[in-house]
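Notes follow once the structure below has been shown.
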Amino acid sequence: MSLFAFFRDRKKQNSASIAKERLQIIVAHERGLHSQPDYLPQLQKDLLEVIRKYVPIEQDQIQVELENQGNCSILELNITLPDR
Amino acid sequence: MANVLVVTSGKGGVGKTTSSAAIGTGLALRGHKTVIVDFDVGLRNLDLIMGCERRVVYDFVNVINNEATLSQALIKDKRLDNLYVLAASQTRDKDALTLEGVGKVIEELKQNFEYVVCDSPAGIEKGAHLAMYFADEAIIVTNPEVSSVRDSDRMLGLLASKSRRAENGEEPIKEHLLLTRYNPERVTKGEMLGVEDVEEILAIRLLGVIPESQAVLKASNQGVPVILDEQSDAGQAYSDSVDRLLGKEMPHRFLDVKKKGFLQRLFGGSE
């Protein structure tokens, strides 16, 4: 290994810690997704259809989230309407 | 009461069949009557790893379809008296295994064996689901590599939601992490995820770490479970893992880089 490569490698983060960081993020994200009930994606699609009857919106302008708080769940619906 | 153990991973090629064969053989070596069941319908390989491929007459699907009795289909190991193999079918019909049929066979096996080791196919389709559905304990085989760790986490989610224990609201499946193809040298260099990294991400109990070893291929070439190669690092690591599975406290070995002796440094040579 040349002297130059030695210093370059030292600056770079090693690949195992990059792998760990990426895994922690994706695993946390996917655990969230899979704890959602199976009907959520379909519900999101249906809601999108209903709203599109009146206002033209895109798929990514609607967000459906289910939050569990103790013994009740809250369905949160966020729709971004286009500028008029 | 018999114990149903599933060896699963989600990802393919991580060492499920090698581990099923080693752990099943290890349990039998310690005096427990054990059967290893291959759930990989269409792609059976446990018979090859166990070295009984020429003695398969009837298989799992024959038993489910009542074309053979369980005792006709069970293949007795030639080395150990209390070890048996139930081979998977080579049929291409992916619906050959049914929940009801598998349940019936597992129940019957539980009457006759102390341990039923289920060797799961890769993926999360029907075969993998049926392999883990009736389990009391699960061994998650994982390689220190991103896709394997992610798939293992997915599998843990399924064990917690789609198994019989989960559906009946019983005590959850006991989960064990088996880290395979571990290379301490590369971990030290920062090129491979370490034991602690994988443990931290998956957050389940560590059953064992199996080092990447030439003994594994050598064993599969010969149809001998690697745990019977008592001289090898992998064989010893599997042996420790079986002891831990049975509740023994064993220190983890083979986690650090082997120090090369003076002569080895001088002449190099392979390990």
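May I ask for the distance between the Cα centers of the range B:50-96 and the range B:192-271, given as a whole number of Å?
30
Let's test the formula: R0 of 35 Å, r as the Cβ-Cβ distance of A:Q36 and B:E108. What FRET efficiency results, to the nearest 0.05?
On the way: r = 38 Å, r/R0 = 1.09.
My answer for the efficiency is 0.40.
Equivalent ellipsoid semi-axes for the range A:22-80, as square roots of 5 times the alpha carbon gyration tensor eigenvalues: give them largest first, rounded to whole Å.
Values: eigenvalues 118, 48, 19 Å².
Working through the eigenvalues yields semi-axes of 24, 15, 10 Å.
Using the 2.2 N^0.38 Å rule of thumb for compact globular proteins, work out how the range B:88-202 stacks up: its C-alpha Rg over that value, please.
Details: Rg = 16.3 Å, N = 115, 2.2 N^0.38 = 13.4 Å.
Dividing the Cα radius of gyration by 2.2 N^0.38 Å gives 1.22.
Which FRET efficiency, nearest 0.05, do A:C72 and B:E125 yield, Cβ-Cβ r, R0 22 Å?
Values: r = 35 Å, r/R0 = 1.60.
Step by step, r from the Cβ atoms, then E = 0.05.
Identify all lysines with a Cα-Cα distance to B:K259 below 18 Å; exclude those on the same chain that are fewer than 8 residues away in sequence.
Filter leaves B:K189.
Counting alpha carbon pairs within less than 8 Å and at least 6 residues apart, what relative contact order, in whole percent, applies to chain B?
On the way: 537 pairs, mean separation 63.7, N = 271.
With pairs under 8 Å counted, the relative contact order is 24 percent.
Please state the shape class of the protein assembly as shown: rounded when a/c is under 1.5, otherwise prolate if a/b exceeds b/c and oblate if not, all from the C-alpha gyration tensor. Walk me through the numbers before you get to the answer.
Numbers: a/c = 2.29, a/b = 1.19, b/c = 1.93.
Because a/c hits 1.5 or more and a/b fails to exceed b/c, the protein assembly as shown counts as oblate.
Could you run the Karplus curve 6.51 cos²θ - 1.76 cosθ + 1.60 with θ = phi - 60° over the range B:191-197 and give me ³J(HN,Hα) per residue in whole Hz, x for Gly and Pro?
Working through the residues one at a time gives 9, 9, 4, x, 3, 4, 4 Hz.
Can you give the FRET efficiency for A:L47 and B:A203, using 1/(1 + (r/R0)^6), R0 = 35 Å, r = Cβ-Cβ distance, to the nearest 0.05?
On the way: r = 35 Å, r/R0 = 0.99.
Step by step, r from the Cβ atoms, then E = 0.50.
Roughly how many Å is it from the Cα centre of the range B:115-161 to that of the range A:9-65, as a whole number?
Centre-to-centre distance over Cα atoms comes out at 24 Å.
Could you pull out every one of the lysines with an alpha carbon less than 17 Å from that of B:K33, ignoring same-chain neighbours closer than 8 positions?
The reachable lysines, counting only those whose Cα sits under 17 Å from B:K33, are B:K76, B:K78, B:K110.
Would you calculate the volume per residue, in Å³, of the smallest convex hull containing every Cα atom of the range B:3-267? The partial results should precede the final answer.
Details: hull volume 34.9 nm³, N = 265.
Here the figure is 132 Å³ per residue.
Points 7 angstrom from Cα along the Cβ direction at A:A28 and A:Y54: gap in nanometres?
3.7
Interface B/A, total buried accessible area with a 1.4 Å probe, nearest 100 Å²?
Working: alone 13360 and 7690 Å², together 19830 Å².
Looking at B and A, the buried total is near 1200 Å².
Let a ≥ b ≥ c be the square roots of the eigenvalues of the Cα gyration tensor of the range B:34-118; is it rounded (a/c under 1.5), or, if not, prolate (a/b larger than b/c) or oblate? All intermediate terms of the calculation are to be shown ahead of the outcome.
Values: a/c = 1.72, a/b = 1.17, b/c = 1.47.
Judged from the Cα gyration tensor, the range B:34-118 comes out oblate (a/c at least 1.5, b/c at or above a/b).
The values are calculated or read from the model by the stated rules, or taken from the named source; none is laboratory data. For clarity, every value in this text was computed on a predicted model and none was experimentally measured. Note that each Cβ is placed from the backbone with ideal geometry, even for glycine, and that neighbours are counted across all protein chains shown. Note: accessible area is taken over every heavy atom of the protein model, side chains too, but ligands, DNA and RNA are not part of it. Shrake-Rupley method; radii C 1.70, N 1.55, O 1.52, S 1.80 Å.
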